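What follows is calculated from the coordinates using simple rules that are stated; it is not laboratory data. The shown structure was predicted, so the numbers you read here are calculated from the model rather than taken from an experiment. Methodologically, a virtual Cβ is constructed for each residue, glycine included, from the backbone with ideal geometry; neighbour enumeration extends over all protein chains shown.
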Amino acid sequence: MLPKKKTTNQKSLFLTLEDMLDQKHPLYILANRVNWQEFEDAFTLYYCEDTGRPAKPIRLMVGLLILKRLRNVSDEKIVEQWSENVYYQHFCGEKEFLPDFPCEASELAHFRHRIGKSGVELILKESIRINGNDGNEQNASIDTTVQNKNITFPTDNKLHRKIIDKCKKIAKREGLPIRQSYNRILKNLEVDQRFRNYSNNKLKARKADNQVKAIAGRLVRELERNLLPNSIYLPDIEIFKRILGQQKE
């Protein structure tokens, strides 16, 4: 059901929440630049007018999603911080400080599901507009140097295992025989390598690393012997040999 309109009667005799804040604070300035009415008009159609429990205000939910991205925190954390931060509350449209949580963290997930992909894109478009590009996504400047990336450091062991997997794929594609697949051995070695940070396992992990490298070298040499002289995979073999030769013993 659509949220009920809040009364704007001033409960405090002299000051409102807005009067007590620093007007030069970034969140204070940002709150006045966001076109909140656009979200009200776009998301009202997702609510029933007279059935069900009254929902949370649309500005509150949109504001929490924007703050969550600005602060790069979880749903649970942004809800907790909101109850402690007066600028968060002003950004989300509150007129007085409220010490309670604005909503359950799960309600943010329900709201994202309610507005769908198009609603999330609308919030992103407005974020781009208030940053000075007037909603033109093609000219958006995004600093990715501070964002978390799903990238792992390319350790020697990972390179060796990639070489092993690549050699097996080439052999299978070309129908070449492989003397041994080493599947069970590699699985056992992976267990030895897993807890290398423990002092008792460092020596075992180092030995496992050397064995994985030796297996990679055997498969590369075996593949090189079985490939035709004009095979398109010979350059890959040279790269594998160079990688294995450059790794420290």
Q: Using the Karplus curve 6.51 cos²θ - 1.76 cosθ + 1.60 with θ = phi - 60°, work out ³J(HN,Hα) for each residue of the stretch 71-82 in order, rounded to whole Hz, and write x for Gly and Pro.
A: 8, 6, 10, 7, 4, 4, 6, 5, 5, 5, 5, 4
**Q.** DSSP-loop chymotrypsin sites (Phe, Trp or Tyr not before Pro) across the stretch 30-86, with at most 16 other Cβ within 10 angstrom
**A.** Y47
Q: Just flag the chymotrypsin sites (Phe, Trp or Tyr not before Pro) in the stretch 152-210 sitting in loop per DSSP whose Cβ has no more than 12 other Cβ atoms within 10 Å.
A: F195, Y198
Q) Could you put M20, M61 in order, starting from the residue whose Cβ has the fewest other Cβ atoms within 10 Å? A) M20, M61
Q) How far, in nm, would the chain grow between K207 and D19 when pulled straight, counting 0.36 nm per residue and subtracting the alpha carbon separation? A) 61.0 nm
Q: Work out how much length I185 to I29 would gain on full extension: take 0.36 nm times their residue separation and subtract the Cα-Cα distance, in nm to one decimal.
A: 50.0 nm
Q. Measuring from label point to label point, each 7 Å out along Cα→Cβ, what is the L98 to R71 span in nm?
A. 1.5 nm
Q) Taking square-rooted eigenvalues a ≥ b ≥ c of the alpha carbon gyration tensor, is the stretch 150-233 rounded, prolate or oblate, where a/c under 1.5 means rounded and, failing that, a/b exceeding b/c means prolate? A) prolate
